[in-house]
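Asker: I'd like to ask some things about the structure below.
The values are calculated or read from the model by the stated rules, or taken from the named source; none is laboratory data. Keep in mind it's a predicted model, so treat the numbers as computed, not measured. Using ideal geometry, Cβ is built from the backbone for each residue, glycine included, and neighbour counts are taken over all protein chains shown.
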Amino acid sequence: MLVLGIETSCDETSIALVNNNDVILNLVYSQIQTHKKFGGVVPEIAAREHLKKLPILFSQLVKETQIDINEIDGIAVTKGPGLIGALLVGVSFAKGLAIRYNKPLVGVNHIVGHVYANYLAYPELRPPYIVLMVSGGHTLILKVNESMHIKIIGRSVDDAVGEAFDKVARLLGLGYPGGPEIDRISKDGNPKTFGFPRPKMYDPDYDFSFSGLKTSVLYEIKRLKDAGIEELPIKDLAASAQEAMIDVLLHKTTKAAKDFGIENIVLAGGVAANSRLREKLAEYTLEFNFFIPPLEFCSDNAAMIARAGMALLEDGKNDGLGLEPSPNLFEMIGDEW
């Protein structure tokens, strides 16, 4: 099945062509430099950038692949969750293509798209498995059962881990986005220097909380400054905060896998690119099988949307022109996705 995918949920504009599990072309335009000066994503600017870049990327895809769009089997587009303006651009563009080429159109839950990114690298992946979904907007533990239905079993009760990375980076005077910056400088830091708390780590549930960790970093910086330390140990602070977050993520995820008797654990989302997270998985490889998407499929991209849409198209689904973006789609993941 040949599927065209479109992703515009936040600050990456992406379009891709996927044939089964083979990615023919995956084009991604990142808006990081545009939003960097604001310290975060500005929704109105993000939507305008999508509007400018999406037609250009589509023309580039057609030119580079020499594909006749009449040959595709369907179109998949992110319908949510995400920024409403950004989603509207992608959905409207996809509807236009669906009309022009008379093709079925399916809306894809962005979170499910991240899960399906793993099928592009691991076609052999089969349920049941546990998913650690970590990004700037979501921190979830998902359970995928035999019928490929996805159930949320754990979530952050406050900040997503990616959001916590950004906030800690801001406290340390690092750039945006904070996750890659902390990952980079932590390589030269000592993660045992500061004993930051591991919130909810040993609670019986599978939920997370990261806002308190951010506050602990703030208080530690204040303590160091009050003690007369002029040059803060930024690398050690970053490494220690990162270690605390990763310890909680892995403990909760492996606990869920043990409790449900599942050996396969899948990583998904932008924070899955974190090098320390990937490194620490080695401590658990005797108990679990880990499926980690390549770096190119960790951040938002249209290839993962195309692959998830393929599953919907194979089930005969077609949202057609009635498809509407749903920025708060988060809660709709479940037995009916």
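Asker: Here are some residues: VAL248, VAL266, VAL271. Which one is closer than 16 Å to ARG155 by Cα, assigned by TED's automatic domain parsing to the domain that holds TYR219 and modelled with pLDDT under 95?
Answerer: It is VAL271.
Asker: Just wondering, is there one or more residues in the range 300-314 that are charged (D, E, K, R) and surrounded by fewer than 21 Cβ atoms within 10 Å (Cβ to Cβ)?
Answerer: Yes, the range 300-314 contains a residue that is charged (D, E, K, R) and surrounded by fewer than 21 Cβ atoms within 10 Å (Cβ to Cβ).
Asker: When you go through (1) at pLDDT 95 or above; (2) outside any helix (DSSP H, G or I) one by one for GLY82, which number turns out not to apply?
Answerer: Among (1) at pLDDT 95 or above; (2) outside any helix (DSSP H, G or I), GLY82 violates only (1).
Asker: In the range 168-200, which residue that is buried (at least 20 other Cβ atoms within 10 Å of the Cβ) and β-branched (Val, Ile, Thr) is farthest from GLY40 (Cα to Cα)?
Answerer: In this case the residue turns out to be ILE182.
Asker: If ASP203 satisfies every condition in (1) surrounded by 15 or more Cβ atoms within 10 Å (Cβ to Cβ); (2) modelled with pLDDT of 95 or more; (3) out of contact with any Pro (no Cβ under 9 Å at 6 or more places or on another chain) but one, which is the exception?
Answerer: Every condition holds for ASP203 apart from (1).
Asker: Still on this structure, I have one more. Being surrounded by fewer than 17 Cβ atoms within 10 Å (Cβ to Cβ), under 20 Å from GLY179 (Cβ atoms) and of a type outside the set (D, E, K, R) is the filter here; which residues of the range 1-42 pass it?
Answerer: If the condition is that a residue be surrounded by fewer than 17 Cβ atoms within 10 Å (Cβ to Cβ), under 20 Å from GLY179 (Cβ atoms) and of a type outside the set (D, E, K, R), then SER30, ILE32, GLN33, THR34, PHE38, GLY39, GLY40 are the ones that fit.
Asker: Something else about it: Quick check on my filter: what residues within the range 264-293 are part of a loop (DSSP other than H, G, I, E, B) and surrounded by 13 or more Cβ atoms within 10 Å (Cβ to Cβ)?
Answerer: Answer for the range 264-293, where residues must be part of a loop (DSSP other than H, G, I, E, B) and surrounded by 13 or more Cβ atoms within 10 Å (Cβ to Cβ): GLY269, ASN274, PHE288, ILE292, PRO293.
Asker: Something else about it: Yes or no: VAL89 out of contact with any Lys or Arg (no Cβ under 6 Å at 6 or more places or on another chain) and assigned to a strand (DSSP E or B)?
Answerer: So VAL89 fails the test.
Asker: Regarding PHE297, is this residue surrounded by 24 or more Cβ atoms within 10 Å (Cβ to Cβ), out of contact with any Ser or Thr (no Cβ under 6 Å at 6 or more places or on another chain) and among the aromatic types (Phe, Trp, Tyr)?
Answerer: yes
Asker: Can you pull out the residues in the range 207-254 that are of a type in the set (D, E, K, R) and under 20 Å from LEU277 (Cβ atoms)?
Answerer: ASP207, LYS214, LYS235, ASP236, GLU243, ASP247, LYS252
Asker: Could you tell me whether LYS79 is out of contact with any strand residue (DSSP E or B) (no Cβ under 9 Å at 6 or more places or on another chain), of a type in the set (Lys, Arg) and in contact (Cβ under 8 Å) with a residue 40 or more places away in the chain?
Answerer: So LYS79 fails the test.
Asker: In this structure, does GLY107 turn out to be out of contact with any Asp or Glu (no Cβ under 6 Å at 6 or more places or on another chain), small (Gly, Ala, Ser) and either under 15 Å from ARG307 (Cα atoms) or assigned by TED's automatic domain parsing to the domain that holds ALA311 (or both)?
Answerer: In short, no.
Asker: Testing ASP158 on (1) touching a Pro at 6+ places or on another chain (Cβ under 8 Å); (2) in a loop (DSSP other than H, G, I, E, B), one condition comes back false. Which one is that?
Answerer: The failed condition is (1).
Asker: Against the condition out of contact with any Phe, Trp or Tyr (no Cβ under 8 Å at 6 or more places or on another chain), at pLDDT 95 or above and part of a loop (DSSP other than H, G, I, E, B), how does LYS95 come out, does it pass?
Answerer: Judged against the criteria, LYS95 is not a match.
Asker: Moving to a separate point now. Anything in the range 108-143 that is more than 17 Å from the chain's Cα centre (by Cα) and part of a strand (DSSP E or B)? List them, or say none.
Answerer: Across the range 108-143, the qualifying residue is only TYR129.
Asker: Looking at the range 12-24, I want the residues that are modelled with pLDDT of 95 or more and have a partner that is of a type in the set (D, E, K, R) and part of a strand (DSSP E or B) with Cβ atoms under 9 Å, at least 6 apart or on another chain. Which pairs are those?
Answerer: Short answer, once both residue conditions are applied: THR13/GLU7; SER14/GLU7; ILE15/GLU7; ALA16/GLU7.
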